[in-house]
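A.B. asks: Starting off with a structure, shown below.
Just so it is clear, none of the values below were taken in a lab; they were calculated from the coordinates. Quick caveat, the model's predicted, so the values are computed rather than measured. Glycine gets a Cβ as well: all are built from the backbone with ideal geometry, and neighbour counts include every protein chain shown.
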Amino acid sequence: MRNRIPFFAVLTLMAGAWSQSASAQQTIFNHPSADLLSKGAVYVELDATLRYQFGFEGLVPRVVWAPIERLEIGLNVGPLIDQAFENDPSLAPNAKIRLFSAAGTAGEISLLLGTRIYVPVKFDALNFELYSFVAVQTRFGLRATAGAYGEFPTNGVGKLRPIAMLEFVLTKFLTFGAEWWMERDLGLGFVIALPAGFTLYPAYLLSPAARERDGFIFEIGKLF
């Protein structure tokens, strides 16, 4: 892993140069975060993933809306570009709800539940995803999130993977983020708040499978 460190160092310098602001975010790179939109708010995002081995692995637009407090519903579309030919284009309606939260002098703890259903354009099979996680937010700007992520395709065997995420507020405008998904990726990067309600998420992805599957993920979001 030592030969991968310079890439993350470059990413750190890029984030430091670009940052103007870090606020609450809707994702931590590949995973939903413990943040929820205020009632009536709308959030749109465009995600791009690049791998050394394949080039573009995915270009995914998505939209999220909060019809009531503590609940979000949304739709992901894509990947629109997939040079790896690993993922069929699909429509993915999704939802996230906060079931419980409690705050004290030391911080806050929350329990969240979410689901996502992949509906391939070819419609040969459905892929149901269900995730649940607990988030602990401290008053020192550190939030740790851990839980489980399950995939249940209608034409295959389901899998259950642990997930873990870490966020640390560096400044008002910049947050460091890390996410780990068993058998998938370790993502290290930043959440950068920009003017006019925009948020930028640059991250470096480390793949446990092979060095060639390492890459970058870039996300740009807008809150309305």
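A.B. asks: What list of ³J(HN,Hα) values in whole Hz, one per residue of the stretch 188-197 in order, does the Karplus curve 6.51 cos²θ - 1.76 cosθ + 1.60 (θ = phi - 60°) give from phi, with Gly and Pro shown as x?
C.D. replies: For the stretch 188-197, the Karplus curve yields 10, x, 9, 10, 10, 7, 10, x, 6, x Hz.
A.B. asks: Then there is this: Check each of the trypsin sites (Lys or Arg not before Pro) in the stretch 30-67 and keep only those in coil by DSSP with at most 12 other C-beta atoms within 10 angstrom; list them in order.
C.D. replies: Lys39
A.B. asks: Also, quick follow-up: Report, by chain and number, residues whose modeled amide H sits under 5 Å from the one on Ala41, excluding near sequence neighbours (fewer than 5 apart, same chain).
C.D. replies: Answer set, sorted by chain and number: Ala66.
A.B. asks: Restricting attention to the stretch 143-224, which GluC sites (Glu not before Pro) occupy a DSSP loop and are surrounded by at most 11 other Cβ atoms within 10 Å? Write down the numbers at each step before the final one.
C.D. replies: Values: sites: Glu151, Glu167, Glu179, Glu183, Glu212, Glu219; in loops: Glu183.
When the GluC sites (Glu not before Pro) of the stretch 143-224 are filtered for loop state and at most 11 Cβ neighbours within 10 Å, Glu183 remain.
A.B. asks: Another question, then. Within the stretch 123-192, which chymotrypsin sites (Phe, Trp or Tyr not before Pro) sit in a loop by DSSP and count at most 13 neighbouring Cβ atoms inside 10 Å?
C.D. replies: Phe123, Phe140
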